[in-house]
Amino acid sequence: MSTSKPVQSSEDLENLKHSLFVAETVLQQAVALLDDHLTSDDQLTVHSRYLPGSTIGKHLRHARDHFELLIDCISSPPPHVLNYDVRIRNTPMETSRISARDAIVGTIRRLGEQVPKADWNASMELHAVTPFIQSFNTTFGRELWFASLHCIHHWSMVRVIAGEMNVTLSDDFGFAPSTLVFQGRDGAMLGKAKI
């Protein structure tokens, strides 16, 4: 049985490169949030008045979880079974800026190591509770895109909670690339984060 890596088209390799850039960039926005905007650990645990049960720390952990689960899945031997419903709650990154920063930087590093070696079209089976147990066929490329979009969705909620604390974030934080393009900001705004 051959374990050689499948040959990918130049388009697939370009897709991996672009998707990795977006994933690293949205995660780097969280690092910038922790480095440049939040000034105390307590800000990670402030409960939102508008989003019941939400804290910045919980959103950071949850968004990062999706990338970690995807990396774990693709770096394991096939068959690739992915389940985003696996959660480890109440982690140090939810209450400590240093822990959150270390965890997110670690995920950025893992993405940089694993994504270039991955097969864009690698088949995956996604298990989900919807609340019914469901299974879907998907690919690594689709799930990498989803993890980034999911992350942006949670950053938009982080933006609301930060606003409740009078913390002003960068103009691109919490906006999808398609929204930036629609607004005439050409998507380059996404690249403003320090990578």
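The values are calculated or read from the model by the stated rules, or taken from the named source; none is laboratory data. Since the model is a prediction, treat every value here as computed from it, not as a measurement. Counting neighbours? That spans all protein chains shown, and the Cβs are built from the backbone with ideal geometry, glycine included. Surface accessibility is based on the protein's heavy atoms, side chains included, excluding ligands, DNA and RNA. Shrake-Rupley method; radii C 1.70, N 1.55, O 1.52, S 1.80 Å.
Scanning the stretch 81-111 for residues that are touching an Asp or Glu at 6+ places or on another chain (Cβ under 7 Å) and open to solvent by less than 40 Å² (accessible area, probe 1.4 Å) gives LEU82, SER96, THR107, ILE108, LEU111.
Evaluated against (1) touching a Ser or Thr at 6+ places or on another chain (Cβ under 7 Å); (2) at pLDDT 95 or above, GLY174 falls short on exactly one condition, (2).
Could you identify the single residue in ILE98, ILE108 that is more than 17 Å from the chain's Cα centre (by Cα) and part of a helix (DSSP H, G or I)? It is ILE98. Checking each residue of the stretch 76-87 against the condition of being of a type in the set (Val, Ile, Thr), in contact with a helix residue (DSSP H, G or I) (Cβ under 8 Å, 6 or more places away or on another chain) and modelled with pLDDT under 95 gives at least one match. Quickly run through the stretch 115-130 and pick out the residues that are surrounded by fewer than 18 Cβ atoms within 10 Å (Cβ to Cβ) and in a helix (DSSP H, G or I). Matches in the stretch 115-130: PRO116, LYS117.
Of all the residues in the stretch 131-141, those that are surrounded by 15 or more Cβ atoms within 10 Å (Cβ to Cβ) and out of contact with any helix residue (DSSP H, G or I) (no Cβ under 9 Å at 6 or more places or on another chain) number 1. When restricted to residues that are out of contact with any Gly (no Cβ under 9 Å at 6 or more places or on another chain), aliphatic (A, V, I, L, M) and modelled with pLDDT of 95 or more, the stretch 95-128 contains 9.
Does any residue of the stretch 66-79 turn out to be small (Gly, Ala, Ser), crowded, with 17+ Cβ neighbours inside 10 Å, free of Cβ contacts under 8 Å to residues at least 12 places away in the same chain and out of contact with any His (no Cβ under 8 Å at 6 or more places or on another chain)? The answer is no, given that none of the residues of the stretch 66-79 is small (Gly, Ala, Ser), crowded, with 17+ Cβ neighbours inside 10 Å, free of Cβ contacts under 8 Å to residues at least 12 places away in the same chain and out of contact with any His (no Cβ under 8 Å at 6 or more places or on another chain). Do any residues in the stretch 20-45 that are within 22 Å of ILE71 (Cβ to Cβ) have Cβ atoms under 8 Å from those of residues that are among the charged types (D, E, K, R) and at pLDDT 95 or above, where the two are at least six apart or on different chains, and which pairs are they? Cβ pairs passing all conditions: LEU27/ARG64; ALA30/ARG64; VAL31/ARG101; LEU34/ARG97; LEU34/ARG101.
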